[in-house]
Amino acid sequence: MSRVAPWRIVIAGIVLAGFVLFLVLFTPIYVHNLQLQDYVAQVSARRDARASSDDVLRTWVVDRAHQLDLPIRADDVKIARSSGAVRIDIHYKVRVDLPGYTVNLHFDPGSH
């Protein structure tokens with residue numbers, strides 16, 4: 001039976017730690033985006049959404065995004081109405097600062 005070189009174990013530990021760091025940093029952002037997607041779909045399907053103003057709908061979406069710690073501004077939320085239906089689209093990015101590197105994650109949830 002051959003032994004594994006100690007340096008290989010160290011490298012494997014570093015790679016594993018990188019994967020864990022990746023999961024810890026990125027998973028909550030993606031989960032919150034999915035929760036916002038579900039919320040936007042529910043809002044656009046509500047009957048009172050058709051009667052509500054764009055500003056009210058935008059406020060609902062922005063408030064929910066802030067509850068989820070997502071950096072969404074009112075300008076990021078676009079609302080379109082056609083034949084009695086309401087469509088809500090959002091485009092935003094989340095900046096994640098990693099050691100030595102910065103990542104901008106772009107998201108486009110909406111009621112497609």
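Where a number appears in this text, it was derived from the coordinates with a stated rule and is not lab data. In this text, all values refer to a predicted model and were calculated from it rather than measured experimentally. Methodologically, a virtual Cβ is constructed for each residue, glycine included, from the backbone with ideal geometry; neighbour enumeration extends over all protein chains shown.
How tilted is helix 6-45 with respect to the longest principal axis of the chain? Cα atoms for both, answer in degrees (0 to 90, nearest 10). Tilt of helix 6-45: around 10 degrees.
Net charge in the neighbourhood of R87 (other residues with Cβ under 10 Å of its Cβ; Lys, Arg +1, Asp, Glu -1) is +1. With K and R counted +1 and D and E -1, the other residues having a Cβ less than 14 Å from that of H106 yield a net charge of -1.
Each helix, a run of at least 4 DSSP H residues, gives -39500 (n - 2.57); summed and divided by the residues of the chain, these come to -18000 deg cm²/dmol at 222 nm. In percent, how large is the relative contact order of the chain, given Cα pairs closer than 8 Å and 6 or more residues apart? Contact order relative to length: 22 percent. Counting beta carbons within 10 Å around each of W7, W60 and listing the fewest first gives the order W7, W60.
Report the net charge of residues surrounding A74, where surrounding means a beta-carbon distance below 12 angstrom and charges are Lys +1, Arg +1, Asp -1, Glu -1. So the surrounding residues net to -2. Computed from the alpha carbon positions, the gyration tensor of region 6-107 leads to an equivalent ellipsoid with semi-axes of 39, 12, 10 Å, biggest first. Placing +1 on the Cβ of every Lys and Arg and -1 on the Cβ of every Asp and Glu, with nothing else charged, gives the chain a dipole about its Cα centre of roughly 300 debye.
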